[in-house]
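S.K.: Here you go, one structure.
The values are calculated or read from the model by the stated rules, or taken from the named source; none is laboratory data. Worth saying up front: this structure is predicted, and the values here are computed from it rather than measured. Don't worry about glycine lacking a Cβ; one is built from the backbone with ideal geometry, like all the others, and counts go over all protein chains shown.
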Amino acid sequence: MGKKEKGAKEKPLEKMTAKELREIAKDIEEIQGAHAMNKEELLAAIRKAKGIEEPKKKKGASMRELKAKIKELKAKAQQAKEANDLKMYKIYRKRASRLKKKTRRAI
């Protein structure tokens, strides 16, 4: 079992699973609530605590941001439909549809 732990510490943070990152985060006092964090949040917190620079991100929005925008556009479309503004309703629906396609490509 000692070999597994040694191998886990040699692995780069990006290649580790969320479970492994949580184990590392437990040992760092500055990080609280690690069990509620997802992998991206754990990576950011561990890098910040250890003083490691974050790698440059790809262009484009994260999945959470895309889904939040889709939800917002759907709400606006519903409001437009209730106000009998069919032109804006179609515009909002089309924008939401485009963002859904982006989420499918991002996976």
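S.K.: Just to be sure I understand, how many residues within region 71-107 are surrounded by 14 or more Cβ atoms within 10 Å (Cβ to Cβ) and at positive phi?
M.R.: Number of matching residues: 0.
S.K.: Same structure again: Please go through region 48-70 and pick out each residue that is surrounded by 13 or more Cβ atoms within 10 Å (Cβ to Cβ) and either in contact with a Gly (Cβ under 7 Å, 6 or more places away or on another chain) or not in a helix (DSSP H, G or I) (or both).
M.R.: A61
S.K.: Applying the selection to region 71-106, what residues are under 19 Å from N38 (Cβ atoms) and in contact with a helix residue (DSSP H, G or I) (Cβ under 8 Å, 6 or more places away or on another chain)?
M.R.: Once the filter is applied, which keeps residues that are under 19 Å from N38 (Cβ atoms) and in contact with a helix residue (DSSP H, G or I) (Cβ under 8 Å, 6 or more places away or on another chain), region 71-106 yields T103, A106.
Here's the yes/no breakdown for (1) part of a helix (DSSP H, G or I); (2) modelled with pLDDT of 90 or more; (3) surrounded by 15 or more Cβ atoms within 10 Å (Cβ to Cβ); (4) not aromatic (F, W, Y):
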{"site": "K3", "(1), (2), (3), (4)": "yes, no, no, yes"}
{"site": "G7", "(1), (2), (3), (4)": "yes, no, no, yes"}
{"site": "E20", "(1), (2), (3), (4)": "yes, yes, yes, yes"}
{"site": "E23", "(1), (2), (3), (4)": "yes, yes, no, yes"}
{"site": "E30", "(1), (2), (3), (4)": "no, no, no, yes"}
{"site": "H35", "(1), (2), (3), (4)": "yes, no, no, yes"}
{"site": "E40", "(1), (2), (3), (4)": "yes, no, no, yes"}
{"site": "I46", "(1), (2), (3), (4)": "yes, yes, yes, yes"}
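S.K.: Let me ask something else. Quick check, is A77 under 19 Å from E40 (Cβ atoms) and of a type outside the set (K, R)?
M.R.: Answer is no for this residue.
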